[in-house]
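The values are calculated or read from the model by the stated rules, or taken from the named source; none is laboratory data. None of the values given here were measured: they were computed from a predicted structure. Here Cβ is always computed from backbone atoms with ideal geometry, including for glycine, and neighbour counts include all displayed protein chains. All accessible areas refer to the heavy atoms of the entire protein, side chains included, with ligands and DNA or RNA removed. Shrake-Rupley method; radii C 1.70, N 1.55, O 1.52, S 1.80 Å.
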Amino acid sequence: MTTAVLKNRLLNLTERAFKEEDYGAPNFTAFVRQYPDLIALDESSMPPKVILVGDVSSTVVSEATVAGRRIRPDLWAAVVDYQSGESYHWNGSEVVTGDAVENDVENFPQIPTVSRDEMRDWRGNFATNFIAGLQDEDEEVMQIRRWHSDFLPTKELPAAARAAWNDELKHHVIARLADWFRDQGLTLPIDLVQQRPQPRRVVSSETAQLRELILRCVRAMTEEELRSLKLPPAAVLRAVGH
């Protein structure tokens, strides 16, 4: 729930008597931060959200398949990068490599990277389950079998299978991380699942030249010509910031 909803519930439960100031907090967000063992604060959205710490792992699992979201890159690499031979460790806030921690493993526990055999098992289980409802002679079935047997990259899967595999792999990674953080007595990072960055819009040289030409024309127009100018409504809305 959002911080606003939680505060409203506290007010209702206390017959409007609840005040953050009574707990030494200048505002409700500061009040929530006083109880990290009980409540996790997610400030990636507005208003911020609060999550019961015991429910964090189930929450991020449910969000892992939401369109446009991804697992935090450093934690993702720590689990799936079985090819480089690199070791990955947790420093309390982010992942660091083995070179950064040297022999201080007690203070920087190692995150369990999946092995090649484990990854093959994950892929094999996915392939078996996905093709169960398809005809054996389908080209998609042959592609999936080749992807599994030859350990091909994800891009070699059919489109529908590719999306399903990406979702399943995210669930595997999250479950592995949730188990490890719990076994270490650590809190699973609230930003484990993140909004995927939007690609930057690239303006072509032709578009830029056309825009510059239009601006020159506008600067040279008379008042009457400006008043007769017709602009696309969508462009107007973007220009005024709506």
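Here are the numbers:
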{"item": "Candidate set from the stretch 8-42 (those that are more than 30 Å from residue 185 (Cβ to Cβ) and of a type in the set (Lys, Arg)); member that is surrounded by the fewest Cβ atoms within 10 Å (Cβ to Cβ)", "result": "16"}
{"item": "Selection count, the stretch 79-110, where residues are at pLDDT 90 or above, of a type in the set (A, V, I, L, M) and touching a strand residue (DSSP E or B) at 6+ places or on another chain (Cβ under 7 Å)", "result": "2"}
{"item": "Residue match in the stretch 195-204 (condition: among the hydroxyl-bearing types (Ser, Thr, Tyr) and either open to solvent by 80 Å² or more (accessible area, probe 1.4 Å) or modelled with pLDDT of 70 or more (or both))", "result": "no"}
{"item": "Unmet requirement for residue 113, which otherwise passes all of (1) within 26 Å of residue 190 (Cα to Cα); (2) modelled with pLDDT under 85; (3) among the polar types (S, T, N, Q)", "result": "(2)"}
{"item": "Test: residue in the stretch 148-167 that is surrounded by fewer than 16 Cβ atoms within 10 Å (Cβ to Cβ) and touching a residue at least 40 places away in the same chain (Cβ under 8 Å)", "result": "yes"}
{"item": "Residue within the stretch 132-144 that is of a type in the set (S, T, N, Q), on the phi < 0 side of the Ramachandran plot, loosely packed, with under 13 Cβ neighbours inside 10 Å and touching a residue at least 24 places away in the same chain (Cβ under 8 Å) present", "result": "no"}
{"item": "Positions within the stretch 16-61 being part of a helix (DSSP H, G or I) and either on the phi > 0 side of the Ramachandran plot or modelled with pLDDT of 70 or more (or both), in sequence order", "result": "20, 21, 22, 23, 28, 29, 30, 31, 32, 33"}
{"item": "Which listed residue, of 97, 128, is among the hydroxyl-bearing types (Ser, Thr, Tyr) and within 29 Å of residue 181 (Cβ to Cβ)", "result": "97"}
{"item": "Considering residues of the stretch 168-184 that are free of Cβ contacts under 8 Å to residues at least 60 places away in the same chain and exposed (fewer than 14 other Cβ atoms within 10 Å of the Cβ) only, the residue nearest to residue 74 (Cα to Cα)", "result": "179"}
